[in-house]
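Reading through the structure tokens given below for one structure.
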Amino acid sequence: MSDVVQFSKRGSIGIITIDSPPVNALGHAVRQGIADGIAAGTADDDVKAIVLHCAGRTFIAGADITEFGKPFKEPGLDAVMNAMEQSTKPVIAAIHGTALGGGLETAMACHYRCAVATAKCGQPEVNLGLVPGAGGTQRLPRLVGLEMGAEMNAGGAPISATVAKDHGLVDEIIEGDLLDGAVAYAERLVAEGAPLRRVRDIEYPKDIPADLFDNLRKKYAKIKRGFEAPQRNIDLVEASTKLPFDEGMKKEQEVFFECMMSVQSAAQRHLFFAERQASKIPDVPKDTPTKDIKSVMVLGAGTMGGGIAMNFANAGIPVKILDTTQELVDKGMSIVEKNYANTVKKGRLSQEKMDQRMGLISSTANFEDVGSVDMVIEAVFEEMDIKKDVFGKLDKFCRPDAIMATNTSTLDVDEIAAVTSRPEQVIGTHFFSPANVMRLLEIVRGAKTSKEVIATTFKVAKQIRKVGVLSGVCDGFIGNRMIHGYSREAVFLVEEGALPQQVDAALYNFGMAMGPLAMGDLAGLDVSWRIRKRQAATRDKNLRYSPIADKICEMDRYGQKTGGGWYDYKPGDRTPHPNAEVEKLILEESKSLGISRRDISDEEIIERTIYALVNEGAKILEEGIALRASDIDMIYISGYGFPIHRGGPMFYADCVGLENVYKRVCEFHEEHGAFWKPAPLLEQLAKEGKTFNKLG
Ligand code: 3HC
Ligand code: NAI
């Protein structure tokens, strides 16, 4: 047997045990081991049934993604599954943890499936831009029904073992020890003379609703806009109703390999590893001691404070909210309560859970209470003097080992830390609005932040289900520093000839969650206006400046909150409608700036805005503000609505080819001036024929 798969016996039951940490993925050695185990069990006359189970934290979590795109080694998964399905002795999968992708497919090639109640089953291949490659689209709908099978393949979400039992995917729920229970179940099947049930033999009902698949295609075209794989999954489930089983399997394999070669799948696989890579900090090793954060205090009960507090309550961690007066605290608490109540109303949270979470949030107006918590997150007004005052007080009242974090979005974390006697305990935790919804957490490492504080903050990010990404200290950190050029180009394009709706449509069709001008309306145009006014005196007058956004604010149009900004909004409706006055203003401004408006292609809109992100991203990488290009990609995917199927701005640039991106950046530099000075790293990689990310 192989190193990672063992065959053993308990009485008349053969046991194949896969032990291939971390997740028992179906790499070559595991495939070979299962095939050998089936052969051993079949050849042994004393063995009457075979149990397939896994050691460690989970059943098989899928094919080994790291093998994708590499030379293939026999036996393939299909051959292993055939051996299982054609076995003359019942093969029983014993599932714990997660049976995902190829893992669930392996279980479905068994004759019976048992599982512990906490197990989960799913076909998440679609999240990697793929379809299953070993029968997921052909076997799963035969077991759970066409609609559920198609949804599980196209949506990728797993179901619990108990739901799986209700729908025929799991045959038996095991209480207590899984292996003991699975062996007992196998013995019972043998004693009962249970048949060799093969999923391939299950027939579909005759009355398949005519519009089932078209309706699903429409649904997924909407909720997974721009993604190819959900549609291909639905097509394959439909094919399973029309083709004989073996032909359906062949078709699935063909589509699997087509998807594997697609840019979308490469992008999604890149992000799978990027997410896991983000928490690996080269000089903060895995075994860095961390502190258990058992209590938190959030300073400031405003827009961000309330949302931040909800994250902790959602994760079961007690949290206190503080503001300057009891009235402000109460106001903040009532917004939190309203937010939870809305979720309950939508049926996405039970009243009981809401009560539990509210029970974990308490409030105070007494600053000295910071002395009772493990971590403080400051989310007060964005004014350096106020932040310094607050951190001075934190230094006085916090416990020596408490983490003191700031949610500042623009201020210098080192300057804030410098007012304390323990800058090593200070870190930036930059949440994104709405803080209880957005997955991104930029973790800002100050010059003196200790490794323990960094490691603990990453641990906290995981506990509250955020994607933590490390940033160095600079104006805007990674995400907002990059977005600056993107928004700037969007406005310049408007000045040069495009209308807001054209700029936004081009980027929406590219896959962005919303266009940059609509995004400005959502965030509030007054926020950046105030910053621009503050910076006016020191602004470099040689650099191009568009006054259009300022003039829109001067019309008291601050965006959605005032019923209009770049666009108009009807009360209670976030749909943007073009505004004639704004369009008139735009045309007048172009004229007064001496710009003769021209037709601008969608391609130019995308290049100008996205390459602005890429060029700044390259500078950020070069300066060491970001550790790696994939961190920048994660930030844009989880915090800025960048299309997942494009893998993030840096991966997108890699796919376009850095020599092409560099060429356009040089042309823009020539045409539009200093903002477009090519990043030296972009120039270097382009000339060397290299990429930001390791591809393939
Ligand atoms: N192949 C290779 N490596 C994998 C893997 C896989 N399928 N799944 C997880 N890993 C690795 C991770 O990269 C990570 O490595 P690292 O420690 O070096 O960073 C390690 O296993 C642990 O993973 P997580 O940090 O994600 O651990 P969690 O406990 O948080 O989650 C999990 C476990 C739910 C299994 C999660 O890892 C997961 O969702 N994995 C992917 C599942 C998947 O997509 N399966 C389908 C694969 S495609 C397929 O099967 C095609 C088939 O149809 C032929
Ligand atoms: P806000 O104005 O909604 O809330 C700030 C709260 O802090 C107010 O309730 C105020 O009373 C309170 N406060 C002021 N001084 C205080 C003090 N000395 N002690 C205790 N409480 C005090 O502001 P918002 O939007 O919540 O922003 C807070 C911080 O989060 C800022 O640093 C901001 O830059 C940052 N941020 C904001 C984002 C956003 O989209 N609003 C996104 C990311 C970061």
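Below are the figures for this structure:
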quantity	calculated
In Å², nearest 10: area of ARG139 left accessible to a 1.4 Å probe	0 Å²
Phi-based couplings in Hz for the stretch 524-530 (Karplus 6.51, -1.76, 1.60; Gly and Pro marked x)	x, 5, 5, 4, 6, 4, 4
Probe 1.4 Å, all protein chains present, accessible-area order of LYS242, LYS89, largest first	LYS242, LYS89
Stokes-Einstein D (µm²/s) once Rh is taken as the Kirkwood radius of the stretch 140-250 over alpha-carbon pairs, at 37 °C in 0.692 mPa s	204 µm²/s
Relative contact order %, the stretch 479-688, counting alpha carbon pairs below 8 Å whose residues are six or more apart	24 percent
Share antiparallel - DSSP beta bridges, the stretch 296-471, percent rounded to 5	15 percent
Net charge of neighbours whose Cβ lies under 12 Å from the Cβ of LYS396, counting Lys and Arg as +1 and Asp and Glu as -1	0
Cα-only Debye scattering, the stretch 523-620: base-10 log of I(q)/I(0) at q = 0.10, 0.21, 0.25 Å⁻¹	-0.37, -1.32, -1.27
Residue among GLN326, THR343, THR288 farthest towards the positive dipole end of the stretch 286-442, charges placed on Cβ	THR343
Computed magnitude of the charge dipole of the stretch 479-688 (debye, nearest 20; Cβ of K, R +1, Cβ of D, E -1)	640 debye
Among THR408, GLY135, LEU243 the positive-end extreme of the charge dipole of the chain (Cβ point charges)	THR408
Amide hydrogen neighbours beyond the local backbone of LYS320, cut-off 5 Å, H modeled	VAL296, MET297, VAL298, SER362
Packing rank of 123-135, 659-671, 447-459, where each peptide gets the mean count of other beta carbons within 10 Å, highest leading	123-135, 447-459, 659-671
Bridge type composition, the chain - antiparallel percent by DSSP, nearest 5	30 percent
Distant-in-sequence amide H partners of THR98 (H built 1.01 Å from N, under 5 Å)	PHE59, LYS120
Ordering of 410-420, 360-370 by burial proxy (mean other Cβ atoms within 10 Å per residue, highest first)	410-420, 360-370
Ratio of the Cα radius of gyration of the stretch 5-260 to 2.2 N^0.38 Å, where N counts its residues	0.96
Dipole magnitude of the chain about its Cα centre (Cβ charges: Lys, Arg +1; Asp, Glu -1), debye to nearest 20	560 debye
Lys, Arg +1 and Asp, Glu -1 on Cβ, resulting dipole of the stretch 296-471 about Cα centre, debye, nearest 20	880 debye
On Cα atoms only, tilt of 602-622 relative to the major axis of the chain in degrees	90 degrees
Nonlocal amide H pairs with LYS9, under 5 Å, H built at 1.01 Å	ILE15
For GLY145, net neighbour charge (Lys/Arg +1, Asp/Glu -1) across residues whose Cβ lies under 13 Å away	-3
Whole-Hz ³J(HN,Hα) from phi, Karplus 6.51 cos²θ - 1.76 cosθ + 1.60, for the stretch 416-421, glycine and proline x	5, 5, 5, 7, 9, 8
Ordering of 342-354, 248-260 by packing [mean C-beta count within 10 Å, highest first]	248-260, 342-354
Using θ = phi - 60° and Karplus 6.51 cos²θ - 1.76 cosθ + 1.60, couplings along the stretch 126-140 (whole Hz; Gly, Pro as x)	4, 6, 9, x, 10, 10, x, x, 9, x, x, 7, 9, 8, 4
Computed accessible area, THR290, all protein chains, 1.4 angstrom probe, square angstrom	70 Å²
Semi-axis lengths, Å, the stretch 50-149, gyration tensor of Cα atoms, sqrt of 5 times eigenvalues	19, 17, 15
Probe 1.4 Å, protein heavy atoms only - accessible area per residue of the stretch 368-488 in square angstrom	37 Å²
Calculated [θ] (222 nm, deg cm²/dmol) that DSSP helices of n ≥ 4 give over the chain, each run adding -39,500 (n - 2.57)	-15000 deg cm²/dmol
Accessible area of the chain belonging to carbon and sulfur atoms, whole % at 1.4 Å probe	53 percent
Ranked order, THR408, THR324 - accessible area, probe 1.4 Å, largest first	THR324, THR408
Formal net charge of residues neighbouring GLU238 (Cβ-Cβ distance under 11 Å; K, R +1; D, E -1)	+2
Ratio Rg/Rh, restricted to the chain and using Cα atoms, in which Rh is the Kirkwood radius	1.01
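The values are calculated or read from the model by the stated rules, or taken from the named source; none is laboratory data. On a predicted model such as this, the values are computed, not experimentally measured, just so you know. Neighbour counts are summed over all protein chains in view; Cβ atoms, including those assigned to glycine, are modelled from backbone coordinates with ideal geometry. Surface areas here come from the heavy atoms of the whole protein model, side chains and all, with no ligands, DNA or RNA. Shrake-Rupley method; radii C 1.70, N 1.55, O 1.52, S 1.80 Å.
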